[in-house]
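K.L.:
Below is the structure I would like to discuss, written out as structure tokens.
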Number of protein chains: 2
Amino acid sequence: MSNQQIPFNKPFLTGKETEYIEDAVMFGKISGNGDFTKKCHAFFQERYNFSKTLLTTSCTDALEMSAILVDIQPGDEVIMPAYTFVSTANAFILRGANIRFVDSREDHPGMDEDLIEELITPKTKAIVVVHYAGISCDMQKILDIADKHDLYVIEDAAQAIESYYTFPDGTRKPLGSIGHLGCFSFHETKNIIAGEGGMLVVNDEELRSRAEIIWEKGTNRSAFFRGEVDKYGWKDIGSSFLPSELTSAFLFAQLENIEKIQSRRKLIWQRYNGALSERVSELNIQSPFVPAYSTNNAHMFYLVTESYEQRTELLSYLKEKKILAVFHYLSLHKSDFFADKHDGRDLPMSDRYSDRLLRLPLYYDLTDAQQNYIIRSIKRFVEEKISDKYFLQSA
Amino acid sequence: MSNQQIPFNKPFLTGKETEYIEDAVMFGKISGNGDFTKKCHAFFQERYNFSKTLLTTSCTDALEMSAILVDIQPGDEVIMPAYTFVSTANAFILRGANIRFVDSREDHPGMDEDLIEELITPKTKAIVVVHYAGISCDMQKILDIADKHDLYVIEDAAQAIESYYTFPDGTRKPLGSIGHLGCFSFHETKNIIAGEGGMLVVNDEELRSRAEIIWEKGTNRSAFFRGEVDKYGWKDIGSSFLPSELTSAFLFAQLENIEKIQSRRKLIWQRYNGALSERVSELNIQSPFVPAYSTNNAHMFYLVTESYEQRTELLSYLKEKKILAVFHYLSLHKSDFFADKHDGRDLPMSDRYSDRLLRLPLYYDLTDAQQNYIIRSIKRFVEEKISDKYFLQSA
């Protein structure tokens, strides 16, 4: 091994990114909604059958568009997991929503679908599902609850590109296309990247034309450029949600290589899982669980340790070996910002993942040698701990 | 002349933009707040003595950050010109503000400072000044009003990079550094570009630390990376306001060439003004007025025609000559979105600029031959109109 640390993430580049940026620059159109944006939209429509997509500057922005589109008003309630990124909540709080946080499942960090219904009140407007690690929530259950109570379903699919959910009747749909709205991220830590970037998928036909207006700063500029209206003007609230062509040119180069990127990531994920899941269970360390209704897009390989202390030990052990493993979210209901707004319910599973989950390096350029070294290191950690235990027990 | 149209705008490229993007890509950091973002921040701090700058994905986002920072609450009132871009208003409406639109000045499209005070009520929270065409508003007058009524002043300096205001006492300050907050745009139509992009300047020391938190999705991540806190978490509302390193690398290449870009633009502006201002006045067409307290950053060369019909004729005439001149804003108080929210006041000057202002091509790569042709064409229009008039009068 070289002297260099193995990073947690390293952005993969197909080699075409800067070439496409140069193309955009040469054609003299680098602001938003140009040719590369349209190429990206067409890609998503073709590959996933998404009926309407709008690139955004971040997944945060796609979530903010969602909050505007479902018309969140001050005092409306929105249900979402506590184990998620701050933006999932902030986007709705910015519109005045009160957040009801749901606990995670015991078998994986996604929200526990069975705990949703008891939180619904007459003020509830939407359920935001987060497909953690690209693993689908039980969407049939969620759609049934939403239907029964007439709620919007918004998918925070930030990590979920190229992942699918299979309905009980056997129908399979890509994540992000199942709720009324779906939100994706192309942040550099994701499978497909654009530095910062995101996308809104508008599945509900009734929200489509307003989505386009909100995206274009509240104007009907898009309709104007399609020749549907004579002039464009201010029609609604909105923001500058659209990314530049620099971003979409970069993204398009990535999308062209999605198969290659995904097959490499899946290989790495499988090797981790095959080599580690049984071995780490000897220390009561849990490896990822993928429900039968979900595919796995190899966004993340995580472990859930037996205790907070064990995670600290393992992270330090790996750091000494120059391997950068990292923990993830802190339960949002316990944050400085939200603690006094929370309703007091314990969310033990969310806390458990906050305290015990760690993520291993997983990126396209991770070499087999590097991965073998990571696997070896974790196995040694397990061995050492077991012999410590044995030694302590026999002493 | 070639067969090609002379466009209204053409993004200028220094040649280093894609090189710097490649550097960012090579160093494996393309999400936000990396080396190029820091380089841009340092540039602005050094050149303009801005005490705290934060790049954003657009000027719209900088305005939205401002609305959050001055803590706009539903029902608060914000005063701004009606002759501006939708984002100036939307950013505050998104936080629940009621907008009181002010009319423009007769001598230039900036807001009439003498009409502000009568709109102030106990609910007024902020005055948003727009430095139209990079020409400063009378900032001493505005600061005096704001001081008297304890209001925030936010500068929409979208068009105003490298422009200055001179106070009555002779002190000179760059636009964007005078109010509590300043907002810039690097959209491809601006002097300095990054496709889509913007910047918030935080002049009020009390708003500084919160600005950083709001910028980083409501977390204290920036303080964490400076080693000021042990771990970072959710502290406040916020969004993903920061642009990727692709954007800031591009921007930095532009900033390095600001002198070159500005001197070329100023030359073009001066040539328009020297050749046209007297000639067009024969048709009662007004050319730009620059108050003595303001510099001119050559962002825009505009004309204000005698009537809506005259503008239509001139635009068509130029279009026939393959010159793309364009009009600008539609009065926001008359828009579909706002008409029923407006208090009914007439804003005749704003309407006048909506109906009669047109902008001539002005960009770095506009050649002398092209500009001569544009000037010639406008002079011919004036001659033809004058001889028409003469003919009609004598007929």
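K.L.:
Assume the label is 7 Å from Cα along Cα to beta carbon: what separations in nm does A:D336 have to the matching positions in the other copies?
P.N.:
When each copy's label point is compared with this one, the spacings are 4.5 nm.
K.L.:
Which lysines, on any chain, are close to B:K16 with Cα under 21 Å apart, when same-chain ones fewer than 8 places away are left out?
P.N.:
Filter leaves A:K16, A:K29, B:K29, B:K38, B:K39, B:K190, B:K260.
K.L.:
How far apart, in nm, are the 7 Å Cα→Cβ label points at B:S387 and B:E309?
P.N.:
Simple spin-label model gives 2.2 nm for this pair.
K.L.:
Give me the Å³ per residue figure for the convex hull around the C-alpha atoms of the stretch B:202-282.
P.N.:
Values: hull volume 14.9 nm³, N = 81.
Per-residue hull volume (Cα only) is 184 Å³.
K.L.:
Then there is this: For chain B, what does -39500 (n - 2.57) per DSSP helix run (n ≥ 4), summed and divided by total residues, give at 222 nm, in deg cm²/dmol to the nearest 500? Can you show the working numbers first?
P.N.:
Values: 12 runs with 151 residues, N = 395.
Result for chain B, helices only: -12000 deg cm²/dmol.
K.L.:
Please report, for A:E306, the nm distances (one decimal) from its label point, 7 Å out from Cα along the beta-carbon direction, to the equivalent points in the remaining copies, shortest first.
P.N.:
Distances between equivalent label points, in nm: 9.2.
K.L.:
Place the label 7 angstrom along Cα→C-beta at B:S51 and in each other copy, then list the distances from the first to the rest in nm, shortest first.
P.N.:
In nanometres, ordered from closest: 5.3.
K.L.:
Which residue, B:T124, B:T305, B:T18, tops the fluctuation ranking in a GNM of chain B built on C-alpha contacts under 10 Å?
P.N.:
Result for chain B, Cα springs under 10 Å: B:T18 fluctuates most.
K.L.:
Counting residues in the stretch B:258-394 as N, plug N into 2.2 N^0.38 Å and put the Cα Rg over that result.
P.N.:
Working: Rg = 16.8 Å, N = 137, 2.2 N^0.38 = 14.3 Å.
Rg over 2.2 N^0.38 Å, computed on Cα atoms: 1.17.
K.L.:
Sorting check: for B:57-70, A:39-52, which peptide has the highest mean count of neighbouring beta carbons within 10 Å, and how do the rest follow? Each step should come with its number before you reach the end.
P.N.:
Details: B:57-70: 27.7, A:39-52: 16.2.
Peptide ranking by packing, descending: B:57-70, A:39-52.
K.L.:
Now for a different question. Pairing the Cα long axis of helix A:245-255 with the longest principal axis of chain A, what angle in degrees results, from 0 to 90 and rounded to the nearest 10?
P.N.:
50 degrees
K.L.:
If you take the beta carbon distance between A:K38 and B:K16 as r and set R0 to 25 Å, what does 1/(1 + (r/R0)^6) give as a FRET efficiency, to the nearest 0.05?
P.N.:
Values: r = 28 Å, r/R0 = 1.11.
So the FRET efficiency works out to roughly 0.35.
K.L.:
What FRET efficiency would be calculated for the residue pair A:T121, A:E228, taking the C-beta separation as r and a Förster radius of 35 Å, to the nearest 0.05?
P.N.:
On the way: r = 41 Å, r/R0 = 1.16.
Once rounded, the FRET efficiency stands at 0.30.
K.L.:
Assign one of three labels to the stretch B:97-139, namely rounded, prolate or oblate, based on the Cα gyration tensor with a ≥ b ≥ c the square roots of its eigenvalues; rounded applies when a/c is under 1.5, prolate when it is not and a/b is larger than b/c, and oblate otherwise.
P.N.:
Working: a/c = 2.33, a/b = 1.84, b/c = 1.27.
It comes out prolate by the Cα gyration axes.
K.L.:
Which three extents, in angstrom, do the Cα atoms of the stretch A:30-82 have along their principal axes, listed largest first?
P.N.:
The Cα atoms of the stretch A:30-82 stretch 40, 26, 21 Å along the principal axes, largest first.
K.L.:
Also: What share of Cα pairs, in percent, lie more than 40 angstrom apart in the protein assembly as shown? Each step should come with its number before you reach the end.
P.N.:
Values: 116195 of 311655 pairs.
Within the protein assembly as shown, distances greater than 40 Å cover 37 percent of Cα pairs.
K.L.:
Follow-up. Between B:D204 and A:L324, what is the label-point separation in nm under the 7 Å Cα-to-beta-carbon projection?
P.N.:
With each label point 7 Å from Cα toward Cβ, the separation is 3.8 nm.
K.L.:
For peptide A:323-331, compute the average count of partner chain beta-carbon atoms within 10 Å of each residue's beta-carbon. Write out the running numbers ahead of the final one.
P.N.:
Numbers: counts 0, 0, 0, 0, 1, 0, 2, 5, 2.
Other-chain Cβ atoms within 10 Å of each residue's Cβ, averaged: 1.
K.L.:
Relative contact order of the stretch A:17-255, please, whole-number percent, based on alpha carbon pairs below 8 angstrom and at least 6 residues apart. Spell out each step's value before the answer.
P.N.:
Working: 513 pairs, mean separation 61.3, N = 239.
It rounds to 26 percent for the stretch A:17-255.
K.L.:
Please report the antiparallel percentage of DSSP beta bridges with both residues in the protein assembly as shown, rounded to the nearest 5.
P.N.:
Working: 42 of 76 bridges.
Around 55 percent of the beta bridges assigned by DSSP in the protein assembly as shown are antiparallel ones.
K.L.:
To the nearest Å, what is the center-to-center distance of the stretch B:233-289 and the stretch A:33-106, using C-alpha atoms only?
P.N.:
That distance is 33 Å.
K.L.:
Other chains near B:62-69: what is the mean number of their Cβ atoms within 10 Å of each residue's Cβ? Write down the numbers at each step before the final one.
P.N.:
Numbers: counts 0, 2, 4, 0, 0, 0, 1, 0.
Going residue by residue through B:62-69 and averaging, the value is 1.
K.L.:
Here's another thing I want to ask about it. Between A:Y373 and A:F8, take the C-beta separation as r, use R0 = 22 Å, and let me know the FRET efficiency to the nearest 0.05. Working shown, then result.
P.N.:
Values: r = 15 Å, r/R0 = 0.67.
With R0 = 22 Å, the Cβ-Cβ based efficiency is 0.90.
K.L.:
What is the helix-to-structure angle for B:308-320, meaning the angle in degrees between its Cα long axis and the longest Cα principal axis of chain B, kept from 0 to 90 and rounded to the nearest 10?
P.N.:
With both axes taken from Cα atoms, the answer is about 90 degrees.
K.L.:
B:S316 versus B:S51, label points 7 Å from Cα toward the beta carbon: distance in nm?
P.N.:
5.6 nm
K.L.:
Once you have the alpha carbon radius of gyration of the stretch A:108-249, what is it after dividing by 2.2 N^0.38 Å, with N set to its residue count?
P.N.:
For the stretch A:108-249, the normalised Cα radius of gyration is 1.18.
K.L.:
Here's something else I'd like to know. What full-extension length gain, to one decimal in nm, is calculated for B:D340 and B:E282 as 0.36 nm per residue of separation minus the Cα-Cα distance?
P.N.:
On the way: separation 58, 0.36 × 58 = 20.88 nm, distance 3.94 nm.
Full-extension gain reported as 16.9 nm.
K.L.:
In whole Å, what is the distance between the alpha-carbon centres of the stretch B:165-223 and the stretch A:151-175?
P.N.:
40 Å
K.L.:
What are the principal axis extents of the Cα atoms in the stretch B:41-161, in Å, biggest first?
P.N.:
The Cα atoms of the stretch B:41-161 stretch 40, 34, 27 Å along their principal axes.
K.L.:
For the stretch A:17-255, take every pair of Cα atoms, bin their distances at 5 Å starting from 0, and report each bin as a whole percent.
P.N.:
Histogram of Cα-Cα distances, whole percents per bin: 1, 7, 14, 19, 20, 16, 11, 7, 3, 1, 0, 0.
K.L.:
Measure nothing but the geometry: give the 0 to 90° angle between the long axis through the Cα atoms of A:258-281 and the longest principal axis through the Cα atoms of chain A, rounded to 10°.
P.N.:
So the inclination is approximately 30 degrees.
Coordinate-derived values only; no laboratory data. Note that this is a predicted model, so its numbers are computed, not measured. As a convention, Cβ positions derive from the backbone with ideal geometry for all residues, glycine included, and neighbour counts pool all protein chains shown.
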